[in-house]
Each structure stands twice: as C-alpha cells, then as structure tokens.
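Following: one structure in structure tokens, then a few remarks.
The values are calculated or read from the model by the stated rules, or taken from the named source; none is laboratory data. Model, not experiment: these values are computed from the prediction. These area figures cover heavy atoms from the full protein model, side chains too; ligands, DNA and RNA do not enter into them. Shrake-Rupley method; radii C 1.70, N 1.55, O 1.52, S 1.80 Å.
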Amino acid sequence: MESIFLEKYNLTKNNKKILENIDFIFDDNLSLIGPSPSGKTSLLRVLEEKYGVIRIYKKNIFFSSSVEDELKYLLLSDSQKRLVQKLLPGVNLLNNPNNLKNHDKIKLSILRGILINNGFISFDNIFTYVSNDDKNKIIEYLKLNNIKYIIVSNDLNELFNTNKTYILNEGKIIAYGDSDKVLLEEKLLKRLGFKLPFMIDLSLQLKTYKLINSIYYDKNILIDKLWK
C-alpha cells in the first residue's frame with residue numbers, strides 16, 4: 001500500500017457532524033493542524049480503524065513485564081535496535097516498562113508504534129513531550145525507512161518536518177498545500193489562533209517594509225542578507 005485515500009468522507013456522532021466531505025490523501029509526510037476541536041484526532045482514528053495506521057498519543061499502556069518483551073527486542077533488526085538504544089539510552093531492557101520515568105514511557109510508546117507500523121504512522125500531539133533531539137532521531141529514522149507519517153501539533157514549527165499540510169476547521173478541510181507555502185498563509189493562520197514561527201513572522205514584517213524580498217527560514221542567512 002503506497003497511499004491512503006479518503007474521498008468525500010463524512011463522520012457523524014450523536015447526530016453531530018464530526019468530519020464533513022473530507023478529501024484526504026496520505027502519500028507523503030504530512031502536518032495536520034487546526035483549532036481545537038476541529039476533527040484532527042477524529043480523522044486519525046478513522047485512518048487507524050479503516051487502514052491500520054498506528055496512532056501514537058499520550059496514553060501509556062504496557063502489557064509486558066519487561067521493555068525487552070514489550071518491544072520484541074530480540075527479534076528486531078540492527079537498525080531498529082540502534083533506534084531503541086538512541087531513544088532509551090541507559091534504560092535496562094529487563095525493567096518493567098510501567099516503572100520507567102514518564103518521558104521514557106512516552107518514548108517507549110513511540111518506539112513500539114514505529115516498530116509495528118504498516119508503512120504509515122501518526123503522531124497525535126505527542127512530540128510536545130519529547131526533546132527536539134529525540135524527535136529529530138525519530139523523524140530521521142522514519143525518512144530513512146520510507147515510513148510515511150502525520151504530525152498533529154499546535155506548534156507550526158512542526159511544519160518544517162513535513163512536505164504537505166492540511167488545515168482543518170469545524171470538521172472540514174479548509175486548506176491544503178506544500179508546508180512551506182501554508183506557513184505563509186498569515187491571515188488564515190492567525191485567524192485560527194496560531195502563532196507564526198519566529199523566522200516566518202520576522203521575514204513577513206521585513207518584507208512589508210521592503211527590507212527583504214524573500215522569506216527566510218534560517219536566522220543566519222537572514223542576518224547575512226540584511227547586512228549586504
């Protein structure tokens with residue numbers, strides 16, 4: 001399965017429309033953003049139920065008596081074992097997962113999801129609870145192994161980690177496009193209550209005053225441009 005489609009999809013609960021006329025394609029690394037509640041988690045649940053897309057969220061339930069058993073560690077490939085070692089350094093794999101520190105429990109949940117995925121995975125507001133360094137290790141692994149992912153977050157900086165972005169509002173998709181282009185939809189994003197990433201906001205303001213002609217994502221490049 002190389003892609004997942006929803007076409008004109010509707011979801012109603014208790015006579016209330018949760019998702020309306022959704023056209024959605026999951027064939028790339030995606031961001032899914034929107035005010036709460038807009039249907040983001042509901043959409044991820046549909047993908048989970050209809051297509052088996054692993055959804056990782058902040059609920060740590062472990063059924064094994066050791067981290068090793070929870071991850072089926074002895075059956076993992078070398079690259080999978082390296083990822084475990086990178087994200088859980090110093091954790092004794094024989095420990096009971098329910099006795100781990102909270103941040104290690106979250107990383108264990110992420111690892112477990114990554115290791116059993118079917119080529120598609122979603123992260124439902126979970127990256128708030130891991131460091132940028134660990135998040136980068138996770139995303140690097142996903143990209144290297146061609147595992148397509150969706151990131152749901154209220155932090156627009158996450159759009160830099162994806163190629164495409166969907167914006168949901170009141171159960172409807174109101175915008176879709178390249179993530180770097182969506183980040184320039186200043187009026188729409190601010191109307192929905194989002195705070196633009198610092199470099200995007202600064203670039204837009206400088207561009208308004210005709211001090212620069214382009215949008216810059218890197219602080220050092222912008223500084224060099226201003227000094228020229």
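For the chain, the relative contact order comes to 24 percent (Cα pairs under 8 Å, sequence separation of at least 6).
One compactness figure for the stretch 2-97 is 1.45, namely its Cα radius of gyration divided by 2.2 N^0.38 Å.
Going through [x] 17.5, 50; [y] 19.6, 62; [z] 18.2, 53, the figure that equals Rg and Dmax of the Cα atoms in Å as computed for the structure here is [y]. Spatial offset of the stretch 183-228 relative to the stretch 1-54 amounts to 31 Å, using the alpha carbon center of each. The mean sequence separation of alpha-carbon pairs under 8 Å and at least six residues apart, normalised by the residue count of the stretch 70-132, gives a relative contact order of 37 percent.
Going down the list K105/K219; K143/K164; K107/K190; K135/K187; K137/K181, which pairs span over 23 Å between their C-alpha atoms? Too far apart for the 23 Å limit: K105/K219; K107/K190; K135/K187; K137/K181. Here the accessible area is traced with a 1.4 Å probe on the protein chains. For the chain, carbon and sulfur cover 47 percent of it.
Using a probe of 1.4 angstrom and keeping all protein chains present, the accessible surface of the chain works out to 56 square angstrom per residue.
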